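K.L.:
Got a structure here, written out as structure tokens. Questions coming.
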Ligand code: ITT
């Protein structure tokens with residue numbers, strides 16, 4: 001792809017994800033949002049794995065927009081809940097209404113996790129965030145990466161930054177929840193940060209070769 005035409009769609013409706021992906025992937029490429037290309041949020045995330053959903057979103061939006069497209073599917077895995085909320089992380093406390101208030105839904109989802117873990121001791125509150133990224137053109141998958149972040153589910157919500165389950169995800173070596181980290185601190189250790197760093201290396205190679 002010639003340098004001057006480098007435009008890649010970031011196919012997410014989540015403003016928190018867009019900010020993290022754009023901040024890390026660099027300024028040489030023009031990163032477009034779904035709003036900027038007039039694409040509707042219409043691809044069902046009904047796969048059994050994060051990787052399957054990321055692939056489906058990347059290919060679907062790449063075809064709809066006629067652009068190279070990056071999609072992310074991510075979520076929280078809690079060991080004591082047999083891996084839940086998993087691929088249902090965004091809708092763990094019920095379906096998301098069309099006019100959803102993300103903060104309200106995040107709070108409901110966190111309340112459900114804390115309620116289910118009530119009485120579970122610290123050593124059994126292990127959890128991880130997982131992020132699968134997929135880059136596709138309208139015909140095929142070009143690149144796929146995965147990143148994880150290990151931690152513990154706290155007893156209460158702590159911190160104001162980030163999104164989703166960040167206020168209840170405690171990172172032991174930092175002695176903070178992810179919601180107490182700045183955007184830069186989160187990107188340096190997070191599941192999405194790790195997946196993006198891997199993707200960036202592969203994307204740079206792919207762009208050099210094309
Ligand atoms: P798109 O599908 O439009 O990308 P979404 O928010 O619906 O946006 P997902 O289906 O991938 O995204 O759901 C991921 C959910 O997992 C998200 O809504 C959060 O609840 C949680 N999650 C993912 N990454 C997270 C992070 O970095 N911090 C906290 N929670 C996260």
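K.L.:
Can you give the helix-only mean residue ellipticity at 222 nm for the chain, where every DSSP H stretch with n ≥ 4 adds -39500 (n - 2.57) and the sum goes over all residues, rounded to the nearest 500 deg cm²/dmol?
P.N.:
-10500 deg cm²/dmol
K.L.:
Moving on to the next point. If you average over every viewing direction, what projected area does the convex hull of the Cα atoms of the range 1-153 give, in nm²?
P.N.:
That works out to 9.6 nm².
K.L.:
Calculate, axis by axis, the spread of Cα positions in the range 21-68 along the three principal axes, and write the results as whole Å, longest axis first.
P.N.:
34, 23, 14
K.L.:
Now for a different question. I need the per residue convex hull volume for the range 157-210, using only the alpha carbons, in cubic angstrom as a whole number.
P.N.:
Each residue corresponds to 77 Å³ of Cα convex hull volume.
K.L.:
Between the range 12-48 and the range 155-184, what's the alpha-carbon centroid distance in Å?
P.N.:
23 Å
K.L.:
Related question: What number does the range 64-210 give for Rg over Rh if you use C-alpha atoms and the Kirkwood radius?
P.N.:
1.02
K.L.:
Then there is this: In degrees from 0 to 90, rounded to the nearest 10, what is the angle of the helix 191-209 Cα long axis to the longest principal axis of the chain?
P.N.:
On a 0 to 90 degree scale, this one is about 10.
K.L.:
Let's test this: bin the Cα-Cα distances of the range 115-154 at 10 Å from zero up to the farthest pair and state each bin's percent.
P.N.:
That works out to 23, 31, 21, 16, 8, in percent per bin.
A short reminder: the numbers here are calculations on the coordinates, not readings from a lab. Predicted model only: the values in this text are computed from it and were never measured.
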